[in-house]
1. Regarding region 64-74, can at least one residue be identified that is at pLDDT below 90, more than 28 Å from GLY14 (Cβ to Cβ) and either assigned to a loop (DSSP other than H, G, I, E, B) or among the aromatic types (Phe, Trp, Tyr) (or both)?
2. Quick one: would you say MET205 is at pLDDT 95 or above and under 23 Å from ASP232 (Cα atoms)?
3. Give just the number: which of (1) at pLDDT 65 or above; (2) touching a helix residue (DSSP H, G or I) at 6+ places or on another chain (Cβ under 8 Å); (3) farther than 27 Å from GLU168 by Cβ does ILE108 not satisfy?
4. LEU243 is checked against (1) within 16 Å of the ligand (Cβ to nearest atom); (2) in the same structural domain as LEU25 (by TED's automatic domain parsing) and fails just one. What number does that condition carry?
5. Against the definition (more than 20 Å from ALA295 (Cβ to Cβ), within 11 Å of the ligand (Cβ to nearest atom) and of a type outside the set (A, V, I, L, M, F, W, C)), how does PRO174 come out, yes or no?
6. Looking at (1) more than 15 Å from the ligand (Cβ to nearest atom); (2) touching a residue at least 24 places away in the same chain (Cβ under 8 Å); (3) at negative phi; (4) not hydrophobic (A, V, I, L, M, F, W, C), which is the only condition GLN102 fails?
7. Could we say that GLU224 is at pLDDT 90 or above and of a type outside the set (Lys, Arg) here?
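The values are calculated or read from the model by the stated rules, or taken from the named source; none is laboratory data. None of the values given here were measured: they were computed from a predicted structure. No Cβ is skipped: glycine too gets one built from the backbone with ideal geometry, and neighbour counts run over all protein chains shown.
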Amino acid sequence: MKVIIDIGEAIDIGTIVFKTTINLLSNTIFSVDLIQSNGAAGEFKDLATDITKLAGTPNVADFFPCIEDKRECTRVDTCKDMLDAMLNISKDNEFMDKNMIQHLSLDIFVAGTDTTTSTLEWAMTELINNPEAMRKAKKELEETIGCGVPLEESNISDLPYLHAIIKETLRKHPPVPFLLPRKAERDVEICGYTIPKDAQVLVNMWTICKDPTLWENPTLFSPERFMGSDIDVKGRNYEVAPLVVGGDLSSCNGNRMLMLMLGSLINSFDWELEGGMKPEDMNMDDKFGITLREAQPLRIVPLKLSN
Ligand code: HEM
């Protein structure tokens, strides 16, 4: 998928990232773009940003028309995408029926799009609000792959500062502030409190990530706190576990998509706020929901690189 960004024209960064994420996922699963570069993402966006609506929507599978097409095909020997893999499994396993395939696919879209969009939008917001961090990120990209050069997956491991920016964004703005609800399987005692069997447990990751006893200057955006540190954000370190706590770490990892998109945006353009707004006048409030989004969507103007 190609995303067309015109120099000098303000964009709503959340919408661009949302469309790109949908297509990255739809290519992984179905090998097709679900949204054309100039197409509207609105209907899918409304669904994905409102999980409760989704649960009661009977025709969500209509977003995945290619499932029917592929089912007509004969068994494939090489798996081109995730749908091929699921269809192959379904041949020997009745558990993997059409319904299951549609729901698994939908799960990935709902879990992956709004979270990734929120993180990217906040990362750009924080970088525009912190020009020194933006300067360091640009310098790292310039020295590693060259100014304006498209980012490849193979570059990702050579960009520690960009990685630290993503970790710090996930710490300051965990996209799923209470993670997903859990249920106690038996009575458990934690720190002198008894959690009774069957109680629903919410983990307040938003507060943990800003706890001043765990983090120095927690309201400050400082990617430097992760440089040279072995703290990751995948659930091993409980002071910052915005993806999962105590689960299968591999079940959720949008890091590669985030690095590619953020690195490309920073390395391809300079950026300024729409209408000459100053960074200190930006609205940095959160809008709470199952996922956390910016109260005021970020609108920014791409500029030709100055060097
Ligand atoms: C910054 C990006 C992301 C964040 C912050 C995020 C966050 C989360 C959180 C908090 C959970 C619930 C974990 C729990 O409480 O056990 C979760 C689960 C999940 N996520 Fe993500 N996620 C992100 C990106 C993605 C992407 C890109 C995908 C798909 C490609 C994805 C797929 C999933 C799936 C399938 C689950 C359910 C896992 C399970 O049932 O064990 N996520 N995610």
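1. Looking for residues that are at pLDDT below 90, more than 28 Å from GLY14 (Cβ to Cβ) and either assigned to a loop (DSSP other than H, G, I, E, B) or among the aromatic types (Phe, Trp, Tyr) (or both), one finds at least one in region 64-74, hence yes.
2. Working: at pLDDT 95 or above: no; under 23 Å from ASP232 (Cα atoms): yes.
In short, no.
3. (3)
4. (2)
5. Values: more than 20 Å from ALA295 (Cβ to Cβ): no; within 11 Å of the ligand (Cβ to nearest atom): yes; of a type outside the set (A, V, I, L, M, F, W, C): yes.
Judged against the criteria, PRO174 is not a match.
6. Unmet condition: (1).
7. On the way: at pLDDT 90 or above: yes; of a type outside the set (Lys, Arg): yes.
Yes: the conditions hold for GLU224.
Each row is one residue, and each column tells you yes or no for (1) within 30 Å of LEU25 (Cα to Cα); (2) within 16 Å of the ligand (Cβ to nearest atom); (3) part of a strand (DSSP E or B).
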position	(1), (2), (3)
LEU220	no, no, no
ASP232	yes, yes, no
ARG256	yes, yes, no
SER264	yes, no, no
ASN267	yes, no, no
